[in-house]
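Quick notes on the structure that follows.
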Amino acid sequence: MQCPKCNSDMEKVSFAAYELDRCTACKGLWFDMLQHEDLKKISGSETIDIGDPEEGKKYNEKLTVMCPKCHIPMVKMVDHNQPHIWYETCHTCFGVFFDAGEFRDYKEDSMLDYFKDLFAKERK
Ligand SMILES: [Zn+2]
Ligand SMILES: [Zn+2]
């Protein structure tokens, strides 16, 4: 599979029971349908996101991103909890692409929310 952002080869990376693709050049991550949601819940999964977030930011600005599986344009999405995270999704195969550093960022939010919920409960 070719990286939808920089056209370099992507390599298979496995974590727990999941297998995803990571770009060998820009280190962006490709998740098949809902894999990113599942992996977000697993502790240690942020280790798959090895890229430099500064490098990822450059690729964030790319406007037209084609799905590496379906070869149709992907749609830009904003995470509703963290609007600074832009990712691309394909409306046909529901695959998702995160630039380097974005998955790590996406995952940190769930930890913060977890603590926020914890304190909210204590105050009651
Ligand atoms: Zn790439
Ligand atoms: Zn697709």
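The values are calculated or read from the model by the stated rules, or taken from the named source; none is laboratory data. Only a predicted model underlies this, so the values are computations on that prediction, with no experimental measurement involved. Every residue, glycine among them, receives a Cβ derived from its backbone with ideal geometry; neighbour counts consider all protein chains shown.
Hey, among the residues in the range 36-54 that are out of contact with any Phe, Trp or Tyr (no Cβ under 6 Å at 6 or more places or on another chain) and either assigned to a loop (DSSP other than H, G, I, E, B) or within 16 Å of ligand 2 (Cβ to nearest atom) (or both), which one's nearest to THR92 (Cα to Cα)? This residue is HIS36.
Checked against the criteria, LYS57 counts as within 14 Å of ligand 1 (Cβ to nearest atom) and without any contact (Cβ under 8 Å) to a residue 60 or more places away in the chain.
Taken together, the residues in the range 1-22 that are away from ligand 2 (no atom under 16 Å from the Cβ) and in a strand (DSSP E or B) amount to 9. Return yes when ILE48 is more than 16 Å from ligand 1 (Cβ to nearest atom), hydrophobic (A, V, I, L, M, F, W, C) and surrounded by 13 or more Cβ atoms within 10 Å (Cβ to Cβ) and no when it is not. Considered against the rule, which asks whether it is more than 16 Å from ligand 1 (Cβ to nearest atom), hydrophobic (A, V, I, L, M, F, W, C) and surrounded by 13 or more Cβ atoms within 10 Å (Cβ to Cβ), ILE48 comes out as no. Just one residue in the set PHE103, PHE97 is more than 16 Å from ligand 2 (Cβ to nearest atom) and at pLDDT 95 or above; that residue is PHE103. Number of residues in the range 60-73 that are closer than 17 Å to ASP21 by Cα and touching a residue at least 12 places away in the same chain (Cβ under 8 Å) equals 6. Among the residues of the range 66-76, is there at least one that is surrounded by fewer than 21 Cβ atoms within 10 Å (Cβ to Cβ), in contact with a Pro (Cβ under 7 Å, 6 or more places away or on another chain) and not in a loop (DSSP other than H, G, I, E, B)? Within the range 66-76 (the criterion being surrounded by fewer than 21 Cβ atoms within 10 Å (Cβ to Cβ), in contact with a Pro (Cβ under 7 Å, 6 or more places away or on another chain) and not in a loop (DSSP other than H, G, I, E, B)), the answer is yes, since at least one residue qualifies.
Just one residue in the set ASP21, ASP32 is more than 13 Å from ligand 1 (Cβ to nearest atom), among the acidic types (Asp, Glu), on the phi < 0 side of the Ramachandran plot and at pLDDT 95 or above; that residue is ASP32.
Condition check ((1) in contact with a helix residue (DSSP H, G or I) (Cβ under 7 Å, 6 or more places away or on another chain); (2) of a type in the set (A, V, I, L, M, F, W, C); (3) over 14 Å from TYR106 (Cα atoms)) across all residues:
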site: CYS26; (1), (2), (3): yes, yes, yes
site: LYS62; (1), (2), (3): no, no, yes
site: HIS71; (1), (2), (3): no, no, yes
site: VAL75; (1), (2), (3): no, yes, yes
